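The block underneath contains the structure these notes are about, expressed in structure tokens.
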Amino acid sequence: MAHRWKNDLTRADVTPYSSYMNRRQLLAGGAALGLGAIAGPGMAATDLEPNSWEEITTYNNFYEFGTGKDDPARHAHQMTTTPWSIEIGRLVDRPGTYDFADIISEMTIEERIYRFRCVEAWSMVVPWNGFELADLLNMAGVKDGAKYVAFETLLRAEEMPGLRYPVIEWPYVEGLRLDEAMHPLTMMATGIYGRPIPKQNGAPIRLVVPWKYGFKSIKSIVKITLTEDEPPTSWNKYSAREYGFYSNVNPNVNHPRWSQAEERRIGGGLFAKKEPTLMFNGYEAEVAALYDGMDLAKFH
Ligand code: MTE
């Protein structure tokens with residue numbers, strides 16, 4: 001594999017597929033994406049094994065397709081993802097509309113196995129394929145003065161039935177501080193399990209910020225803007241008291257309506273014991289320095 005970020009989840013943690021056919025597809029997809037060797041059945045089984053393809057692709061939040069967990073899997077097929085381009089602009093040296101295929105041809109696709117913790121207190125472990133957001137930002141050239149990165153999801157009412165309901169203000173928007181965006185853990189995902197990322201998971205390209213609550217990881221991105229000021233973000237606009245701009249995973253700062261101390265691992269079954277939520281979702285050693293001296297309860 002090209003590179004593996006030093007976290008405690010490795011390829012060896014992957015659970016083999018239950019079905020032989022799926023495993024064959026995984027290997028084929030991995031080869032096509034230029035991934036390295038994939039662990040054999042003997043190497044599996046830690047308590048941090050990735051969730052199954054089935055779990056990752058049928059239990060989703062993608063409100064543009066409805067608010068039910070199975071709505072995205074049922075409706076996202078309506079979204080056209082080819083051609084696809086991302087408009088990158090404002091404080092960059094090379095603003096423009098970048099074709100998805102051109103971006104991919106410039107990037108080294110690698111695999112990262114990350115914990116994924118939703119603000120709703122469920123979690124998964126996902127074997128993503130993708131590249132560092134920093135590489136994309138450097139491709140566009142970040143100008144002095146840029147302090148934040150704003151992201152926007154596709155807005156296409158005829159293909160997104162959820163847009164009929166004003167659950168949040170559309171389009172879905174998110175943002176990061178520039179140093180968070182440039183952090184080597186922050187990635188743009190284009191695949192899962194060596195296959196192209198399914199539409200319900202944010203095809204063809206979505207953000208993954210593993211130390212923040214899942215809603216920061218905005219899907220199906222069409223626009224990236226480098227800005228001087230903190231950009232508005234969807235859930236913060238919905239309720240600033242409940243969803244801060246930072247939204248770092250933090251077991252000590254509860255959501256006003258529920259505890260964030262524990263999480264329910266998807267796939268564990270109805271009676272599975274909840275697991276303790278880890279500071280910064282387990283990435284404290286890598287990212288805590290980004291927030292040195294900050295009051296994490298205030299800047300939640
Ligand atoms: N991005 C868009 N555009 N729309 C959404 O509704 N939901 C967010 C995030 N990105 C969402 C989104 C939330 S709340 C979570 S937990 C994750 O996507 C879910 O990602 P997954 O379905 O791949 O697990």
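Summary table
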| item | result |
| --- | --- |
| Subset of segment 83-122 that is under 18 Å from Leu185 (Cα atoms) and in contact with a Lys or Arg (Cβ under 8 Å, 6 or more places away or on another chain) - its residue that is surrounded by the most Cβ atoms within 10 Å (Cβ to Cβ) | Glu111 |
| Qualifying positions in segment 203-219 - more than 8 Å from the ligand (Cβ to nearest atom), assigned to a loop (DSSP other than H, G, I, E, B) and aliphatic (A, V, I, L, M) | Ala203, Ile205, Val209 |
| Selection status of Tyr213, more than 22 Å from Tyr98 (Cβ to Cβ), out of contact with any helix residue (DSSP H, G or I) (no Cβ under 7 Å at 6 or more places or on another chain) and of a type outside the set (A, V, I, L, M) | yes |
| Tally of residues being of a type in the set (Phe, Trp, Tyr), within 13 Å of the ligand (Cβ to nearest atom) and in a loop (DSSP other than H, G, I, E, B) across segment 220-246 | 1 |
| Residue in segment 251-269 that is among the aliphatic types (A, V, I, L, M) and within 16 Å of the ligand (Cβ to nearest atom) present | yes |
| So Lys216, is it at pLDDT 95 or above, more than 25 Å from Ser52 (Cα to Cα), surrounded by 18 or more Cβ atoms within 10 Å (Cβ to Cβ) and charged (D, E, K, R) | no |
| Residues being in a strand (DSSP E or B) and surrounded by fewer than 20 Cβ atoms within 10 Å (Cβ to Cβ) - total across segment 247-264 | 4 |
| Any chance Tyr238 is surrounded by 12 or more Cβ atoms within 10 Å (Cβ to Cβ), touching a residue at least 24 places away in the same chain (Cβ under 8 Å) and touching a helix residue (DSSP H, G or I) at 6+ places or on another chain (Cβ under 6 Å) | no |
| Matching residues, segment 80-128, being assigned to a loop (DSSP other than H, G, I, E, B), farther than 23 Å from Trp235 by Cα and not charged (D, E, K, R) | Thr80, Thr81, Thr82, Pro83, Trp84, Leu91, Pro95, Met107, Thr108, Ile109 |
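The values are calculated or read from the model by the stated rules, or taken from the named source; none is laboratory data. All values reported here derive from a predicted model rather than from experimental measurement. Please note: Cβ atoms are built from the backbone with ideal geometry, for glycine as well, and neighbour counts cover all protein chains shown.
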